[in-house]
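Quick one: the structure is below, questions incoming.
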Amino acid sequence: MGEIDDALERADQEHFTKEPPKSLQARINFLLKYLSPKEIGQEIGVTADSVNRYRRGARKHPPKDVAAKIEAAVRARWQPQVRKRRRKQAATTTGITVETRARFGYTAPVGTTDDGRFRRLTVHLPATYAQRLFDAGDAGASDQQMRGIIAEGFKEIYFQDGGSRATGLSDVAINDIDYLDLEF
């Protein structure tokens, strides 16, 4: 997963209406609704027998890396309808807010520049960009392709201010990302 996929996942998790299961046994039982013990084992890096031991309570303390993978697997599948509803709302009406500290480069008719400084921006992108970002993520787009969608939104909304300035700006690129958070 890339930086933007991670940011989308964090944004999804901010809107949970209920906390995911806490105990190891409850987490494994939740995962068993979606996957077989063998599939869970492959995802978290243990055998199907270990998954069944966790389910029965015969083994209660997995290694820290396995426990983290179990928690991540549960969170990735938790409240799919809540996620779907929030994404639909963002893609049709509310849009998406991107907060980032990144290095931007841009191309203008006079010449090109790779602005060497980091910029900290918080920009609200319209619903069309949210829809494009979600569609790209669902289609398995690379992190670079998703950066391109966000950069295009920044170009239109922030750098060109909806067409009232920097009209000759032809391209904006996000070269380095220090951090990126999304909210929808």
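The values are calculated or read from the model by the stated rules, or taken from the named source; none is laboratory data. In this text, all values refer to a predicted model and were calculated from it rather than measured experimentally. Neighbour counts run over all protein chains shown; Cβ positions are idealised from the backbone, glycine included. Just so you know, the surface numbers come from the protein's heavy atoms only, side chains and all, with ligands and any DNA or RNA stripped out. Shrake-Rupley method; radii C 1.70, N 1.55, O 1.52, S 1.80 Å.
Sort 22-33, 134-145 for me by packing, meaning the mean count of neighbouring Cβ atoms within 10 Å per residue, highest on top.
22-33, 134-145
So what is the 222 nm mean residue ellipticity for the chain from helices alone, if each DSSP H run of at least 4 adds -39500 (n - 2.57) and you divide by all residues, rounding to the nearest 500 deg cm²/dmol?
Values: 8 runs with 85 residues, N = 184.
So the calculated ellipticity at 222 nm is -14000 deg cm²/dmol.
Moving to a separate point now. If you plug each phi of the range 147-163 into the Karplus form 6.51 cos²θ - 1.76 cosθ + 1.60 with θ = phi - 60°, what whole-Hz ³J(HN,Hα) values come out, in order, with x for Gly and Pro?
Working through the residues one at a time gives 4, x, 5, 5, 4, 5, x, 4, 4, 5, 7, 8, 5, 9, 6, x, x Hz.
Between Phe104 and residues 5 or more places away or on another chain, which pairs have amide H atoms under 5 Å apart, with H built 1.01 Å from N, and which residues are they?
Arg119, Asn175
Right, here's the next one. With every protein chain present, what is the per residue accessible area of the range 24-83 (1.4 Å probe, Å²)?
Working: 3460 Å² over 60 residues.
About 58 Å² of surface per residue is accessible.
Next question, about the same structure. Tyr34: accessible area at probe 1.4 Å, nearest 10 Å²?
The value for Tyr34 is about 110 Å².
Rounded to whole Hz and in sequence order, give me ³J(HN,Hα) for the range 70-76 from the Karplus expression 6.51 cos²θ - 1.76 cosθ + 1.60, θ = phi - 60°, writing x for Gly and Pro.
5, 4, 5, 5, 5, 4, 5
Moving on. Please give the length that would be gained between Gln145 and Glu99 if that part of the chain were fully extended, namely 0.36 nm times their separation in residues minus their C-alpha to C-alpha distance (nm, one decimal).
Details: separation 46, 0.36 × 46 = 16.56 nm, distance 1.80 nm.
Using 0.36 nm per residue and subtracting the Cα-Cα distance, I get 14.8 nm.
I've got another one for you. Name the residue, out of Pro37, Pro20, Pro63, whose mean-square fluctuation peaks in a Gaussian network model built on the chain with Cα pairs under 10 Å.
Pro63
Taking R0 as 30 Å, what's the FRET efficiency between Lys84 and Phe30 from their Cβ-Cβ distance, rounded to 0.05?
Values: r = 18 Å, r/R0 = 0.60.
Efficiency computed from Cβ-Cβ geometry: 0.95.
Something else about it: Using a Gaussian network for the chain with springs between C-alpha atoms less than 10 Å apart, which of these wobbles most: Thr94, Thr47, Thr122?
In this elastic network of the chain, the residue with the biggest mean-square fluctuation among Thr94, Thr47, Thr122 is Thr47.
Can you give me the long-range amide H partners of Ala141? Hydrogens built in the peptide plane at 1.01 Å from N, cutoff under 5 Å, separation of 5 or more residues or another chain.
none
If Rh is defined by the Kirkwood formula over all Cα pairs and Rg also comes from Cα, what ratio Rg/Rh do you get for the range 12-108? Don't skip to the end; give the middle numbers.
Values: Rg = 18.1 Å, Rh = 15.7 Å.
Rounded to two decimals, Rg over Rh is 1.15.
In addition: Report the far tail of the P(r) of the chain, meaning the percent of Cα-Cα pairs longer than 30 Å. Show your work: numbers first, answer last.
Values: 5872 of 16836 pairs.
Percentage above 30 Å: 35.
Between Phe118, Pro63, Ile149, whose Cα lies farthest towards the positive end of the dipole of the chain when Lys and Arg beta carbons carry +1 and Asp and Glu beta carbons carry -1, centred on the Cα centre?
Pro63
According to a simple spin-label model (label point 7 Å from Cα along Cα-to-Cβ), what is the distance in nm between Ala127 and His15?
That separation, rounded to one decimal, is 1.3 nm.
So if R0 is 41 Å, what FRET efficiency would Ser164 and Ala136 give, r being the distance between their Cβ atoms, rounded to the nearest 0.05? Present the calculation step by step, with values, prior to reporting the outcome.
Working: r = 28 Å, r/R0 = 0.68.
The pair Ser164/Ala136 has a calculated efficiency of 0.90.
Which loop GluC sites (Glu not before Pro) in the range 1-74, with loop taken from DSSP, have no more than 14 other Cβ atoms within 10 angstrom of their Cβ? Could the numbers behind the result be given before it?
Numbers: sites: Glu3, Glu9, Glu14, Glu39, Glu43, Glu71; in loops: Glu14.
The qualifying sites are Glu14.
Show the residues, 5+ positions off or on another chain, whose built amide H is closer than 5 Å to the amide H of Leu125.
Ile96, Thr97, Val98
Additional query: Roughly what would the spin-label model give for Tyr179 and Glu152, points 7 Å off Cα along C-beta, in nm?
Here the modelled spin labels are 2.9 nm apart.
Out of the total accessible area of the chain (probe 1.4 Å, heavy atoms of protein only), what percent is carbon and sulfur? Could you put the intermediate results ahead of the total?
On the way: 4860 of 10270 Å².
The nonpolar share, carbon plus sulfur, comes to 47 percent.
Quick check: the angle from helix 80-89's long axis to the longest principal axis of the chain, C-alpha only, nearest 10 degrees?
Approximately 10 degrees, to the nearest ten.
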